[in-house]
1. Taking the stated definitions as given, is LEU14 among the hydrophobic types (A, V, I, L, M, F, W, C), under 30 Å from GLN173 (Cα atoms) and surrounded by 12 or more Cβ atoms within 10 Å (Cβ to Cβ)?
2. For region 82-98, check the following and say yes or no: at least one residue is assigned to a loop (DSSP other than H, G, I, E, B), modelled with pLDDT of 95 or more and surrounded by fewer than 12 Cβ atoms within 10 Å (Cβ to Cβ).
3. Quick check on this structure: which one of ALA120, ALA151, ALA166, ALA128 is among the small types (Gly, Ala, Ser) and touching a residue at least 60 places away in the same chain (Cβ under 8 Å)?
4. Would a scan of region 78-91 turn up a residue that is in the same structural domain as GLN173 (by TED's automatic domain parsing), β-branched (Val, Ile, Thr), over 20 Å from THR163 (Cβ atoms) and in contact with a strand residue (DSSP E or B) (Cβ under 6 Å, 6 or more places away or on another chain)?
5. Suppose the filter is surrounded by 15 or more Cβ atoms within 10 Å (Cβ to Cβ), in contact (Cβ under 8 Å) with a residue 24 or more places away in the chain and either more than 16 Å from LEU103 (Cα to Cα) or charged (D, E, K, R) (or both); does ARG137 pass it?
6. From (1) surrounded by 15 or more Cβ atoms within 10 Å (Cβ to Cβ); (2) in a strand (DSSP E or B); (3) of a type in the set (A, V, I, L, M, F, W, C), pick out the condition that doesn't hold for MET172.
7. Among the residues of region 125-162, write down those that are assigned to a loop (DSSP other than H, G, I, E, B) and more than 22 Å from ASP65 (Cβ to Cβ).
8. Tell me which residues, restricted to region 22-51, are within 32 Å of the chain's Cα centre (by Cα), outside any helix (DSSP H, G or I) and among the hydrophobic types (A, V, I, L, M, F, W, C).
Amino acid sequence: MTAPCTSRLSWETLVDYWAGDLEAAQLDTIDAHLMGCAECSADSARIAAITEAVRGMLPVLLTTDMLAKLRAKGVRVLENPMTPGERQDFVFPAAVDVVIHRLGGLELTHATTVRFTLHAESSGQLLAKVDDAPFDREAGVVLLACQQHFASFPPDTVAEVHTRDASGAERMQRYTILHHFARRP
């Protein structure tokens, strides 16, 4: 039977530890404590489960640089090019980590702002909103990242890309994605 912890690490300290917000000297002290304290190690494991899951999540929209970094890490990426107004049944393969819906056909050469919304077609429920959306000006695309955990979203999603140019002219393009997720083995 181990003795109870007499210098319990606070929840805040453990969150900072897993967030990488501590100095090297503090890390060494906490590492040493965690090696010898079952109670604090258990608390640390609970926080790590949350932080590591969040760390693995991607934002809804990616930049081309972010996509390149995912590929460099060995993430299995499938690209799905789409054109404005397209309605597509899409099966997310089990052997893929991330699907990038390339929302293309956009005139972004003179865009000053790009806004993005994702909602359920049947209910209108807003699923995501990005007021200052990243975009690839030269390719004329917005990169929508879809991950396996999106299987919990409604299957009938509508992505809308709203652009504005320097003259104030606005355009909106719509892409309808009917998601289906293959079961993982």
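1. no
2. yes
3. The conditions single out ALA128.
4. Yes, the conditions are met somewhere in region 78-91.
5. no
6. The number of the failed condition is (1).
7. Within region 125-162, GLN125, PHE153, PRO154, PRO155 meet the criteria.
8. Listed by number, the list holds a single entry, LEU22.
The values are calculated or read from the model by the stated rules, or taken from the named source; none is laboratory data. In this text the structure is predicted, and so the values were computed from the model without any measurement. Quick reminder, even Gly has a Cβ in these numbers, built from the backbone with ideal geometry, and neighbours come from all protein chains shown.
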